[in-house]
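No value in this document is a laboratory result; all are computed from the given coordinates. Computed from a prediction, not measured in an experiment: that's the story for all the values here. Heads up, the Cβs are rebuilt from the backbone with ideal geometry, glycines too, and the neighbour counts pull from every protein chain shown.
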Amino acid sequence: MHAIRQNLLGKAPEFLSVLRAMRIVAATDATVLVSGESGTGKELLASALHGCSRRSDGPFLTVNCAALPEQLVESELFGHRKGAFTGAVSDQPGRVQAAAGGTLFLDEISELPLSAQAKLLRFLESGECQAVGKAQPEVVDVRVVAATNRDLAQAVKEGSFRADLYYRLYIVPLELPALRHRSGDIDGLLQGLTDELAEQYKLAPPIYSKTAMKLLRRYSWPGNVRELKNLSERMLILFSDRIIRAENLPLEIREQSRLDGASGRDFVLPDDGLVLDELEANLIQQALGRTSGNRSKAARLLGLSRDTLLYRMKKYAIEL
């Protein structure tokens, strides 16, 4: 059985259901559409699907549709004959032929030009691949897995994606959840990625403090697993065999925690602790300062009654 890479580890129910569906569909040759935000691991899932299939000994070929020159898309995908166009100095097979017997992964399928979409649809329906400049098509045995981070149904409505191709791709959809929806997986993913990278770099892995881990669990991860991997790589290089504390984390992670705290979410206890009375006295002084000494307004800022505020001012000998 194909090994699932560290980027695809997780115990979140939404994520596990995708892996189960992937393993089931891997036993067939059905076309698969993988969707999800950028960085969620769509190519890794496609690779795992290929590895779990009967085609695992065949090639796994990735094509980024957004990177194909528009005037050469058909040639790149389906090949061309010598003389088919200016610069075609010899017969050239396309990516489809190169993936024969294996899996062709079409990433960012939404960026495929409409002209090439028609030929892809024909290939999916008949298995026939017609090279540019060639009179007769040839049958090629390739499984297609497509991926997108866009709403293809909306692209169909906008006219930038063929409806018939959309429904042909949408036989078995697999949607990867964003990392912010699987926060319980942060610990395991970070550990797995760190161990994998530590072996790669031949470095001793760092240790994340409890406070640092709390910040990481609360962070929204707009870049998803890719962003988490980049962070683990950076921290490994900079803090190998050391303890990573909250202040060592990137500003955007610490800043989000600060904003969350201002919105009423849990306060993050510093690694070296604090003196609660000093903190309370400091907050009272800040509130009084912001309200120019107005006790009633200061009490509202702190969520206290005016009498309670006066009692605590007396307790801490706070005078105006």
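For the chain, the longest principal axis of the Cα atoms and the long axis of helix 224-238 meet at an angle of about 70 degrees. Using only Cα atoms, tell me the angle between helix 114-126 and the longest principal axis of the chain; keep it within 0 to 90° and round to the nearest 10. It works out to around 70 degrees. Only one residue of ILE318, ALA30, LEU274 has its Cα farthest out toward the positive end of the dipole of the chain, where Lys and Arg carry +1 and Asp and Glu -1 on Cβ, and that residue is ILE318.
With contributions of -39500 (n - 2.57) from each DSSP H run of at least four residues, the per-residue ellipticity at 222 nm computed over the chain stands at -13500 deg cm²/dmol. Plainly put, segment 186-262 has a radius of gyration that is 0.96 times its Kirkwood radius, both from alpha-carbon atoms, as the Rg/Rh ratio.
Taking a quarter of the surface of the Cα convex hull of segment 1-157 gives a mean projected area of 10.0 nm². Taking packing as the residue-averaged number of other Cβ atoms within 10 angstrom, the listed peptides 16-24, 42-50, 63-71 run from highest to lowest as 42-50, 16-24, 63-71. By the rule of a C-alpha distance below 23 Å, with chain neighbours fewer than 8 residues away ignored, the lysines paired with LYS315 are LYS297. Radius of gyration (Cα atoms) of the chain, expressed as a multiple of 2.2 N^0.38 Å: 1.41. In the chain, taking the dipole from charged Cβ atoms about the Cα centre, the farthest positive-side position among GLN285, LEU236, SER160 is held by GLN285. Pairs to check: LYS134/LYS157; LYS11/LYS229; LYS202/LYS229. Give those whose C-alpha atoms are more than 23 Å from each other in this structure. Too far apart for the 23 Å limit: LYS134/LYS157. In a simple Cβ point-charge model (Lys, Arg +1; Asp, Glu -1; nothing else charged), the chain has a dipole of about 880 debye relative to its Cα centre. For segment 137-208, the Cβ-based charge dipole about the Cα centre amounts to some 280 debye (Lys, Arg positive; Asp, Glu negative; other atoms uncharged).
Here segment 187-209 and segment 6-32 have alpha carbon centers that stand 24 Å from each other.
For segment 6-177, the dipole from Cβ point charges (+1 on Lys and Arg, -1 on Asp and Glu) about the Cα centre works out to 320 debye, to the nearest 20.
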